[in-house]
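Reviewing the structure listed below.
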């Protein structure tokens, strides 16, 4: 999937993929009917993980507040992204030219709607500031999470737990030292 | 430049650009020697604006603290992005296959280094929390700003000022209501 991300999906041939993986083209065709099949596999990998995380958080079966569930879903989204970086990158770059991409975009929109709902619920329960548009908050919050695909690499200097800590701390608690700026809210 | 972003720079021909702009190919060649010339123009547009903003903030000529200058540069980066969305989008997608792109990446890295330095200075002066890696803070902070290229459109529902307010409020003050979570720092 790294090849799709580096060369672009359209510019990548099954021959390129075979060379990258060190196998023959016929070995790939033995498992996948087409390049689109491979794309679906990668997108489903990312979408299935994210759907699991978001469904658990949006479900609220055990009475945990929306604020805690939102904070948890941000943390777990970072973990999914770290563990499935190439597939999530592919998902975020989908533009919708093929049925597989259209379907992935539909599933992405469902996830976005669930997350925006969780932000609204956390505002409604009084745990989140209410002076910003919930839609804007949701976009910026997950914009920060998604920006990780641009530079996060599993072999890099930052482990997933530190990155998840940093994202949740910045987003929910802010960068300012509260004792230093008592006037800031 | 919107066409470069939609179709991809490599897949866009001068003929496509002429059709998009409603002019003849020779009219384009009258002004630009090549497609790369056009790319340089767009990237310089974004880079010149951002360099101006970052140089002013990193310079510290009037004794303003690093925290205020960092907060200001975040706000002004959002404004530059809103006013030059197609050019900034192009800049963020550059991967470095041509001399023009290599040069743009070099200028981008310089900007990133200046911003990381400003984060470190704000931590050193005691205004920013010191429990997170400055490098990570800088990446996430500007990752949130840059994520705007994915959805921000001048004709959309959010004006640049509200977006700049939301980004700076979330990043520096956090989403949690402080009175609701007194234990959170």
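Observations
- Taking (1) more than 9 Å from chain A (Cβ to nearest Cβ); (2) under 17 Å from the mean Cα position of the chain (by Cα); (3) modelled with pLDDT under 95 in turn, residue B:77 satisfies each apart from (3).
- Cβ-Cβ contacts under 9 Å between residues 6 or more apart (or on different chains), taken from a first residue in region B:84-110 that is on the phi > 0 side of the Ramachandran plot to a second residue that is assigned to a helix (DSSP H, G or I) and surrounded by fewer than 20 Cβ atoms within 10 Å (Cβ to Cβ), are listed as B:96/B:102; B:96/B:105.
- Region B:24-69, subset within 14 Å of the chain's Cα centre (by Cα) and either within 14 Å of chain A (Cβ to nearest Cβ) or more than 16 Å from residue B:115 (Cβ to Cβ) (or both), residue surrounded by the fewest Cβ atoms within 10 Å (Cβ to Cβ): B:48
- Qualifying residue in region A:6-17 (condition: within 24 Å of residue A:146 (Cβ to Cβ) and assigned to a helix (DSSP H, G or I)): yes
- Candidate set from region B:140-177 (those that are at the interface with chain A (Cβ under 7 Å from one of its Cβ atoms) and assigned to a loop (DSSP other than H, G, I, E, B)); member that is modelled with the lowest pLDDT: B:177
- Residues satisfying the stated conditions in region B:108-132, i.e. surrounded by fewer than 16 Cβ atoms within 10 Å (Cβ to Cβ) and part of a loop (DSSP other than H, G, I, E, B): B:125, B:126, B:130, B:131
- Considering region A:90-100, and only residues there that are in a helix (DSSP H, G or I) and modelled with pLDDT under 90, the residue that is nearest to residue B:147 (Cα to Cα) turns out to be A:93.
- Only one of the listed residues (B:102, B:89) is farther than 22 Å from residue A:166 by Cα and over 16 Å from the mean Cα position of the chain (by Cα). That residue is B:102.
- Selection status of residue A:40, in a helix (DSSP H, G or I) and under 20 Å from residue A:143 (Cβ atoms): no
- Being buried (at least 17 other Cβ atoms within 10 Å of the Cβ) and within 12 Å of chain B (Cβ to nearest Cβ) is a condition met by no residue of region A:95-107.
The values are calculated or read from the model by the stated rules, or taken from the named source; none is laboratory data. A quick note: this is a predicted structure, and the numbers were derived from the prediction, not measured. No Cβ is skipped: glycine too gets one built from the backbone with ideal geometry, and neighbour counts run over all protein chains shown.
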